[in-house]
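First the structure, in the form of structure tokens, and then the observations on it.
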Amino acid sequence: MNEEFVVTPYKVSGEVDYEVLIERFGTKRIDEELLARLAKYGPLHSMLRRQIFYSHRDLEWILDEYDKGNKFTLYTGRGPSGPIHLGHLMPWAFTKYLQDTFKVKLWFQLTDDEKFMFYDHLTLDECKKWGYENALDVIALGFDSKLTNIFLDTEYIKTMYPTVIKAAKKINFSTIRAVFGFDNSNNVGSIFFTSIQTVPCFLESMEQGKKVPCLIPCGIDQDPHFRITRDIAEGMDYYKPALIHAKLMPSLVGAEKMSTSTGNDTTIFTTDDKKTVKKKVMNAFTGGRVSVEEQKKLGGDPDICSVHAYNTYFFEPDDKKLAQLYSDCRSGKIMCGECKTLLFEKVWKFLEEHQRRREKAKGVLDDFFVRD
Ligand code: SF4
């Protein structure tokens, strides 16, 4: 068992063992019983059926409250430091599914302040600019403007600040150091930041003037932020936020989390053109054999293949077709070239439409943004 990997909001390294992570983080698996319960609200998303969203905190309680007529609010976000890639879109597409299924409001936070404090190469204006760029990708996914509030921290801080400092007073440095691995070299802004990250969980409660449950769909690497929030929430007279966690989308080079830091050739950005997308998909790491003859004879290995991972995470929502691809790979019926071409066609079909909707989103930003 691989115990060597590292997962924090600021660092993911090594080959992540998601079973170990559940134990390490103390979260709960989304088991068959919970899946059956979720299926009562509408067809299960492929990311639930395939255990990509696989772990949670207090999801049963969120559903209990919902059943009593106490609707939850959704909260997720993005640290705007560059363009959006497909790995970012995955949990947001799932968030949209939650909004559609439960007809609930979403608070979407753009942490321009965080990225400014953590990255030396970015000015605050650049972080803000990326915030507006990234919001186009969020809107392009089709969120309901009447149920979605997007905000930049620096443009909504006046509303949040009284609650931010109440949170900050309850968090001490030793907690931050233990959870995030910070040391004396971290600037004080980054140490303070988690108190800002805490407050969107409470924004709906603040707006309605009563306690409103909050559900956070996110990559499991973001869990540590909200462990702190959960520790202090009840002392601030709010509910602890619940979470639903996703495994991290692998990059085109294999098991490593898709990240802008793994390099531009291994990451498909939402604004890439057709030629670039094709090149990236056709160069992807596969579980193929050294020669066509060998692959026909022995079959490929979809379990280590990034092309198959892309189909599983996002691009082949049909379970039967996915299973067929899997067995065709194993039996040597399909070769990697054909398989990559099929994936490219699906990725490009999605991106072409996404890019069209992204352009359209430029005209409706103000329908989504809230500011002080
Ligand atoms: Fe991967 Fe497809 Fe090749 Fe199998 S045939 S190893 S799934 S690219």
Lone unmet requirement of (1) more than 12 Å from the ligand (Cβ to nearest atom); (2) out of contact with any Gly (no Cβ under 8 Å at 6 or more places or on another chain) for L342: (1)
I'd like to know if the stretch 317-324 contains one or more residues that are at pLDDT 95 or above, out of contact with any Ser or Thr (no Cβ under 7 Å at 6 or more places or on another chain) and buried (at least 17 other Cβ atoms within 10 Å of the Cβ). no
Cβ-Cβ distance below 7 Å, separation of 6 or more or different chains: which pairs start in the stretch 291-304 with a residue that is polar (S, T, N, Q) and end on one that is within 11 Å of the ligand (Cβ to nearest atom)? Q295/G288; Q295/R289; Q295/G332; Q295/M335
Identify all residues within the stretch 280-314 that are hydrophobic (A, V, I, L, M, F, W, C) and more than 7 Å from the ligand (Cβ to nearest atom); write none if there are none. V281, M282, A284, F285, V290, V292, L298, I304, A309, F314
For the stretch 1-70, which helices (runs of 4 or more DSSP H) that fit wholly inside it have 3 or more residues that are surrounded by fewer than 16 Cβ atoms within 10 Å (Cβ to Cβ) and in the same structural domain as R227 (by TED's automatic domain parsing)? 18-25, 32-39, 59-67
Any idea how many residues of the stretch 105-132 are closer than 29 Å to V212 by Cα and surrounded by fewer than 20 Cβ atoms within 10 Å (Cβ to Cβ)? 1
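The values are calculated or read from the model by the stated rules, or taken from the named source; none is laboratory data. Predicted, not measured: the structure shown is a model, and the values here were computed from it. Cβ coordinates were reconstructed from backbone atoms using ideal geometry, including for glycine residues, and neighbour counts include every protein chain displayed.
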